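Colleague: Before I ask anything, here is the structure I am working with.
Each value in this text was obtained by applying a stated rule to the coordinates, not by laboratory testing. Treat the numbers as computed from the prediction; the structure is a model and nothing was measured. Because the Cβ atoms are built from the backbone with ideal geometry, glycine has one as well, and the counts that use them run over all protein chains shown.
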Amino acid sequence: MRKSIAVILFTLLWQPYAAVNAQQEISAAPELRLGVFPRRSADVTQAMFQPFAEALSRALNRKVVIETTYDFASFWENIANNSYDLVHYNQYHYIKSHRDYGYRVIARNVEFGHEEIAGSILVRKDSNIETLQDLKGKKIIFGGGRKAMMAYIVPTYLLRQAGLNKGDYFEQFALNPPKAAIAAYYRQAAAAGSGHYTLDLPIVKKEIDTSQMKYLATSQKMAHLPWAVNKSISDELALKIRAIMVGLMYTNKGKGILKSMRITKFLPAVDSDFALHRGITKAVLGEEL
């Protein structure tokens with residue numbers, strides 16, 4: 001029954017998409033700015049999300065423009081300046097932008113079939129590292145900067161829970177979680193901070209023998225990467241955007257769009273889904289978000 005209702009709702013909201021002729025011009029409504037965090041290179045991000053932007057544009061009869069940056073500092077500056085109407089980012093970005101700038105979450109990713117994600121610490125199986133305490137005095141490479149929720153904040157929380165504090169180990173940073181896992185495999189660090197299914201990623205499996213790696217510690221699972229709208233977006237438009245996103249999984253065209261974004265499907269999300277992230281962030285960074 002729930003699926004039937006979702007299909008009906010999606011169909012009703014998707015009618016503008018079906019009705020707009022390919023040659024018809026998009027209405028003169030202000031363009032919708034879609035911001036995507038620089039998880040990947042700008043060129044790759046543009047290619048991945050362009051089909052979604054075009055479909056959303058047709059469904060809303062309103063031009064949708066993808067905007068991304070080459071670094072997180074510029075991306076966050078755009079968040080602070082309210083440059084994005086719809087934005088995709090990590091969980092830390094969301095809880096901070098919700099508090100400081102009024103962004104409202106509407107959806108979250110399901111990736112590689114995972115509805116939730118956990119933070120973890122990876123090591124080589126032959127490292128003789130059996131507990132988190134064994135990492136004292138060793139180098140840990142984290143997959144991203146200090147604002148990376150699952151690759152730094154949560155792994156650091158695991159270390160704190162194990163009694164390891166700042167200065168008890170050496171921090172280093174890779175560009176992203178896959179690169180951190182690969183670095184640990186090649187013994188460039190004793191351990192890597194990353195998401196809990198990093199070893200399942202094709203890009204990682206292609207580079208290393210993942211059977212030689214293990215998860216030393218893993219947090220409880222939490223809500224995946226969120227999508228939020230600017231405070232200027234009406235509730236009506238926010239609900240329409242969410243219905244379109246959630247409904248993509250019910251059509252072949254929609255499934256193709258999801259595949260382009262490397263997303264299994266979207267789930268509706270509410271602010272309380274990120275309560276656990278807030279508690280962990282406070283414990284690690286001291287921020288009350």
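Colleague: Going by a ≥ b ≥ c, the root eigenvalues of the Cα gyration tensor, does region 132-289 fall in the rounded group (a/c under 1.5), the prolate group (a/b larger than b/c) or the oblate group?
Modeller: Cα axes put region 132-289 in the oblate bin.
Colleague: Would you list, by chain and number, the lysines whose Cα falls below 16 Å from the Cα of K139, excluding same-chain residues fewer than 8 positions away?
Modeller: Partners found: K166, K179.
Colleague: Right, another one. Under 10 Å, Cα contacts only: if you run a Gaussian network model on the chain, which one of T251, T45, T69 comes out with the highest mean-square fluctuation?
Modeller: T251
Colleague: Going by the alpha-carbon gyration tensor, a ≥ b ≥ c the square roots of its eigenvalues, is the chain rounded (a/c under 1.5) or, if a/c is not under 1.5, prolate (a/b greater than b/c) versus oblate? Kindly include the intermediate steps, with their values, before the conclusion.
Modeller: On the way: a/c = 2.19, a/b = 1.86, b/c = 1.18.
Judged from the Cα gyration tensor, the chain comes out prolate (a/c at least 1.5, a/b above b/c).
Colleague: Further question on the same structure: Counting only helical runs of four or more DSSP H residues, what would the 222 nm mean residue ellipticity of the chain come to if each run contributes -39,500 (n - 2.57) and the total is spread over all its residues?
Modeller: -12000 deg cm²/dmol
Colleague: What residue among S194, T281, M245 has its Cα farthest toward the positive end of the dipole of the chain, where the charges are +1 on Lys, Arg and -1 on Asp, Glu, each on the Cβ?
Modeller: Result: S194, furthest along the dipole toward the positive end.
Colleague: Taking the Cα centre of region 119-219 as the origin, how large is its charge dipole in debye, to the nearest 20, when only Lys and Arg (+1) and Asp and Glu (-1) carry charge on their Cβ atoms? Please report the intermediate quantities before stating the final value.
Modeller: Values: 14 positive and 8 negative charges, 44 e Å.
Charge dipole of region 119-219: 220 debye, to the nearest 20.
Colleague: Work from the charge dipole of region 119-219 (Cβ charges, +1 for Lys and Arg, -1 for Asp and Glu, about the Cα centre) and give the residue of Q133, T156, M213 farthest towards its positive end.
Modeller: Going by the charge dipole, the pick is T156.
Colleague: Compute the helix-to-body angle for 235-247: its Cα long axis versus the longest principal axis of the chain, expressed 0 to 90° and rounded to tens.
Modeller: With rounding to tens, the tilt is 70 degrees.
Colleague: In degrees between 0 and 90, to the nearest 10, how far off the longest principal axis of the chain does helix 2-19 point, with axes built from Cα atoms?
Modeller: Orientation of helix 2-19: about 60 degrees from the principal axis.
Colleague: Using a 10 angstrom Cβ neighbour count of at most 15 plus a DSSP loop assignment to flag exposed GluC sites (Glu not before Pro), which longest range of the chain is free of such sites? Intermediate results must be reported in sequence, preceding the final value.
Modeller: Details: sites that count: E25, E31, E115, E130, E287, E288.
In the chain, the maximal stretch lacking such sites is 131-286.
Colleague: Net charge near G167: determine it from the other residues with C-beta under 14 Å of the C-beta of G167, scoring Lys and Arg +1 and Asp and Glu -1. Let's see the in-between values first.
Modeller: Details: positive: K136, K138, K139, R160, K166; negative: D168, E171.
Local net charge: +3.
Colleague: What angle do you read, to the nearest 10 degrees and between 0 and 90, between the alpha-carbon axis of helix 42-60 and the longest principal axis of the chain?
Modeller: Compared with the principal axis, the helix lies near 30 degrees.
Colleague: Can you tell me which of V65, V246, V44 moves the most in a GNM of the chain? Springs connect C-alpha atoms under 10 Å apart.
Modeller: Of V65, V246, V44, the most mobile in the Gaussian network model is V44.
Colleague: Quick check on region 221-289: take the gyration tensor over C-alpha atoms, sort the square-rooted eigenvalues as a ≥ b ≥ c, and tell me if it's rounded (a/c under 1.5), prolate or oblate.
Modeller: Values: a/c = 3.11, a/b = 1.68, b/c = 1.85.
Taking the square roots of the gyration eigenvalues as a ≥ b ≥ c, region 221-289 is oblate.
Colleague: Can you work out the FRET efficiency for the pair F170 and N128, with r the C-beta to C-beta distance and R0 = 22 Å, to the nearest 0.05? Mind dumping the intermediate values first?
Modeller: Details: r = 18 Å, r/R0 = 0.82.
So the FRET efficiency works out to roughly 0.75.
Colleague: Say we join alpha carbon atoms closer than 10 Å with springs in a Gaussian network model of the chain; which of S97, S194, S272 then has the biggest fluctuation?
Modeller: Between S97, S194, S272, it is S272 that shows the largest mean-square fluctuation.
Colleague: Among all lysine pairs in region 214-289 that are eight or more places apart or on different chains, how many have alpha carbons less than 23 angstrom apart?
Modeller: Value for region 214-289: 9.
Colleague: Chymotrypsin sites (Phe, Trp or Tyr not before Pro) within region 148-245: which are DSSP loop residues with at most 15 other Cβ atoms inside 10 Å?
Modeller: Numbers: sites: Y152, Y157, Y169, F170, F173, Y185, Y186, Y197, Y215, W227; in loops: Y169, Y186, Y197.
Sites meeting the loop and neighbour criteria: Y186.
Colleague: Counting Lys and Arg as +1 and Asp and Glu as -1, what is the net charge of the other residues whose Cβ lies under 9 Å from the Cβ of E288? Before the final figure, lay out the partial values.
Modeller: Working: positive: R99, R278, K282; negative: E287.
Here the count lands on +2.
Colleague: Also: Would you mind calculating the relative contact order of the chain from Cα pairs under 8 angstrom and at least 6 residues apart, reporting the percent as a whole number? Write out the running numbers ahead of the final one.
Modeller: On the way: 544 pairs, mean separation 72.8, N = 289.
It rounds to 25 percent for the chain.
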